1. Does at least one position in the range A:171-181 carry a residue that is modelled with pLDDT under 95 and within 11 Å of chain B (Cβ to nearest Cβ)?
2. Go through the range A:246-260 residue by residue and tally those that are more than 13 Å from chain B (Cβ to nearest Cβ) and part of a strand (DSSP E or B).
3. So, B:V363, is that one surrounded by 14 or more Cβ atoms within 10 Å (Cβ to Cβ) and either without any contact (Cβ under 8 Å) to a residue 24 or more places away in the chain or within 14 Å of chain A (Cβ to nearest Cβ) (or both) or not?
4. Are any residues in the range A:266-313 outside any loop (DSSP other than H, G, I, E, B), more than 15 Å from A:V226 (Cβ to Cβ) and away from chain B (no Cβ under 11 Å), and if so, which ones?
5. Please go through (1) in a loop (DSSP other than H, G, I, E, B); (2) more than 16 Å from A:R215 (Cα to Cα); (3) outside the structural domain of A:E53 (by TED's automatic domain parsing) for A:G146 and return the number of the only condition it doesn't satisfy.
6. Taking the criterion of being within 11 Å of chain A (Cβ to nearest Cβ), closer than 29 Å to A:G80 by Cβ and of a type in the set (A, V, I, L, M), would at least one residue in the range B:148-160 satisfy it?
7. Anything in the range B:157-166 that is buried (at least 24 other Cβ atoms within 10 Å of the Cβ) and part of a loop (DSSP other than H, G, I, E, B)? List them, or say none.
8. Return the total of residues in the range B:312-327 being surrounded by 13 or more Cβ atoms within 10 Å (Cβ to Cβ) and farther than 20 Å from B:L240 by Cβ.
Protein chains: 2
Amino acid sequence: MDTHAAFLDEAAALLGPRGLTQDPDLVEPWLTDWRGRYHGAALALASPASTDEVAALVKLCARHGVAIVPQGGNSGMSGGATPDESGSQLLLSLRRMNTLRRLDVAGRHAVCDAGFILENLHNAAQDQGLRFPLTLGGKGSATIGGLISTNAGGTQVIRHGSMRALVLGIEAVLADGTVFDALTPLKKDNRGFDLKQLLIGSEGTLGIVTAATLRLVPAVADRIVVWAGVPDLHVARTLLLHCQDAVGDSLEGFEVLQATSLRAVLDHLPDVRAPLQGEHAWHVLVEVVAERGEADCLQDRVEAMIASAFDAGLIEDAVLSANESQARAFWLLRDSIAPAERAKGAAVQHDVSVPVEKMPAFVHHAVPLVEAEFPGVHALAFGHLGDGNVHFHVLAPAGTSQRDYDLDLGARVSARVHDLVTEWGGSISAEHGIGRSKRAELERLGDPVSLAMMRQVKRALDPAGILNPGKLVTLAPDPANA
Amino acid sequence: MDTHAAFLDEAAALLGPRGLTQDPDLVEPWLTDWRGRYHGAALALASPASTDEVAALVKLCARHGVAIVPQGGNSGMSGGATPDESGSQLLLSLRRMNTLRRLDVAGRHAVCDAGFILENLHNAAQDQGLRFPLTLGGKGSATIGGLISTNAGGTQVIRHGSMRALVLGIEAVLADGTVFDALTPLKKDNRGFDLKQLLIGSEGTLGIVTAATLRLVPAVADRIVVWAGVPDLHVARTLLLHCQDAVGDSLEGFEVLQATSLRAVLDHLPDVRAPLQGEHAWHVLVEVVAERGEADCLQDRVEAMIASAFDAGLIEDAVLSANESQARAFWLLRDSIAPAERAKGAAVQHDVSVPVEKMPAFVHHAVPLVEAEFPGVHALAFGHLGDGNVHFHVLAPAGTSQRDYDLDLGARVSARVHDLVTEWGGSISAEHGIGRSKRAELERLGDPVSLAMMRQVKRALDPAGILNPGKLVTLAPDPANA
């Protein structure tokens, strides 16, 4: 067996001292995933400075049979960027490739290195009166390459789509070290298979994204956030349709949460008050934006939308943000659900989707069912109703440690939730990807035809299996399911 | 060699008399492509009535090694649905599968069989206050399956995107006869590779689309079409940005044509008058739409947009459609360019794209260059400036027959145009696909890395090469280019 010494010598010569290290102090911080659930080891940490260096490094890996784990900001939710425990995998960080290559104001697009950080793109676009309309909690660390590899979602998907909808072009290094260059943004191009679509969301298993051309949209001139109380999720869904009819594409957010989640947040943030006076079983956050030229009539449009919703009996109570700081305060409540619940104890979290129109029925079915089947747990759903995507969290019985919960009861709860979602025609991973954490569940519940196609494509593009092995899809079916 | 007799017996038993025929009167009409450039032969014409029948038929073909040419409305522009001359390929028509399975008004989507005709979908959506926002000349014959397989474009792409952007789900039969069922519309789904993207635009070479779930949008309540005269394409591009700033997503069309094209149309349609009095080097058609709730301010918005364009010196003259029949009259001028030019004599046509911001410079560069290099020809460009997609037609010297032109001069002109587009980072097929007509040019000019990836994917999903062989991509590189 190759001890990798020859590989490491050649890699060091290729990348130089800044580009390759085995120093545990430098490598260690990147060996644990964002949520702290996986801890791996690495042969070394490679940090190439250019696409050419990535390509040469991958050729070297292919020659020596060294497996590669690409990593961006290491803020993924499914362990897709954490190496395994063997110590034989090379951790390939894209963070040194962090240049904004170009921002074309008239063409409304940006060309970024894979390691460019999302928040920096937000700022660069804002400086030019433009906007990159995808955002999420980890924006200060998440990189463009990671967001593409996981087809990231977030809170603005209802209007602008997931990362896939914002990618105009891609540059990637393939398993044999060749460079796939499709950076040029063509609005129409029918020269065969749209290969960049394969790379988006493939979690580094088919190629390593090194750069991308991304769509920008006009900056938001103004926004109004509405906080409303509704009796149940069916009414919330009707309200969603009402809002879409009333303001069309100006609707940029439609989030829901239960009364219990709001209470948890208020417990967690003692200085914050509830937006509404009374009690409501469900709460809805609606964001409506205006671009330049539309801002004058924003207030009128939102007031008319809410007034007619009242008249139609869709809202029990509602308040409109009077200014930007109040808009931010409403969003802070929404964004604090996850930390507030973590503070309450152990939980298993499921990032699931079903067809948008089925989501109310699914939640009203699944919550009592899970609570009945697993006495002592508490199930709740919140999130992106407009995308048919809720985060379905199931809290452990009081006093259970996260470790104990994960080992048995939590695992059984998760399997049951995934069964239910699959029965309803939904997805066990709406926006977080498969990575390491859901691979077994995908093997267990995924459509066998889709899984077979994925393996065929994986084998075709990475026959030796050196790109992020053990993540997303394996070359052969899992023997446990054969 | 199998004489196919056994195959035909089994296929006849499977499909019944309505499902399989060798009657020349029934088969012949489908053996020539829409533009009359290719004429093939077929073993038989199969017309399965259901996805199950397609699946069983493909299994049968796989067993007997019979190649399949899928066909929808047979209105493609690149010969992708015409069998070769051997008489050994099975023509598989999807036209009998023509049901609208479901139209979900609240969920704003439709589930259609592959053979459902585009215009019928337009009408079904309109009846429910909705719209399927893709349209093109062949809407009365084009089928959903064909539109997906070619990733069709059309005149509304600037806002709503090509077919790819409108497909929420797909059902397809793969090369081994298994059914890939991804019809359920999930707005967010990150369970691995987005396999439906591979099938969209693959021209039947990776699978046979049997059904799809398509996105619908609110019906248009009103529209205004502006006809404007501008001095050149650079100004037209600046006007495009101006309109995008002024009306944002309400901009649904932005088409350009030269004075010579307008004159050709007016010669061709003697009862029609020019929209503007004076002479202008270039003409622009701008469509702005309003959905319900926005219709009141449409006139004001468009008038303000045009007034400020005048003030900025972007428009020499302009007229707004006063009513729907005038709007239709403006579009008739645009839609008559191709027939008007055909009436003037032989031409070679190129459906090309470059990055939107480069299109003016490309046209101003390519037109005089082509005319100088090939004395006697006349080059002109028209079409979808907002998509960076123009139809670049080069008329033959007076008196040249189409046949003679195609055999020599026209072929050299086309090669030169494709060279130029490739140098400019563009696509030799913006919206018409590759099919049979551009396969050699794709081999000659395509990115070798992309071509290699396409072959790897094709080999993985159709190892025996029975799905639409000879179209789009071959299993091995073309020896002429090896």
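The values are calculated or read from the model by the stated rules, or taken from the named source; none is laboratory data. Just so it is clear, the structure is predicted and the values come from calculations on it, not from any experiment. Please note: Cβ atoms are built from the backbone with ideal geometry, for glycine as well, and neighbour counts cover all protein chains shown.
1. Our first condition is that a residue be modelled with pLDDT under 95; within the range A:171-181, this holds for none.
No, that holds for no residue.
2. Taking the range A:246-260 and keeping what is more than 13 Å from chain B (Cβ to nearest Cβ), we get A:253, A:255-260.
This time we only want the ones that are part of a strand (DSSP E or B), so: A:253, A:255-258.
Final tally of qualifying residues: 5.
3. Values: surrounded by 14 or more Cβ atoms within 10 Å (Cβ to Cβ): yes; either without any contact (Cβ under 8 Å) to a residue 24 or more places away in the chain or within 14 Å of chain A (Cβ to nearest Cβ) (or both): no.
Criteria not met by B:V363.
4. First pass over the range A:266-313, keeping only residues outside any loop (DSSP other than H, G, I, E, B): A:266-268, A:282-291, A:295-311.
Restricting the remaining residues to those that are more than 15 Å from A:V226 (Cβ to Cβ) gives A:266-268, A:291, A:295-297, A:311.
Once the filter is applied, which keeps residues that are outside any loop (DSSP other than H, G, I, E, B), more than 15 Å from A:V226 (Cβ to Cβ) and away from chain B (no Cβ under 11 Å), the range A:266-313 yields A:L266, A:D267, A:H268, A:A295, A:D311.
5. (1)
6. For the range B:148-160, residues within 11 Å of chain A (Cβ to nearest Cβ), closer than 29 Å to A:G80 by Cβ and of a type in the set (A, V, I, L, M): absent.
7. Once the filter is applied, which keeps residues that are buried (at least 24 other Cβ atoms within 10 Å of the Cβ) and part of a loop (DSSP other than H, G, I, E, B), the range B:157-166 yields only B:S162.
8. Just the residues of the range B:312-327 that are surrounded by 13 or more Cβ atoms within 10 Å (Cβ to Cβ), to begin with: B:314-321, B:326-327.
If we keep only those that are farther than 20 Å from B:L240 by Cβ too, we end up with B:326.
Residues flagged as surrounded by 13 or more Cβ atoms within 10 Å (Cβ to Cβ) and farther than 20 Å from B:L240 by Cβ within the range B:312-327 amount to 1.
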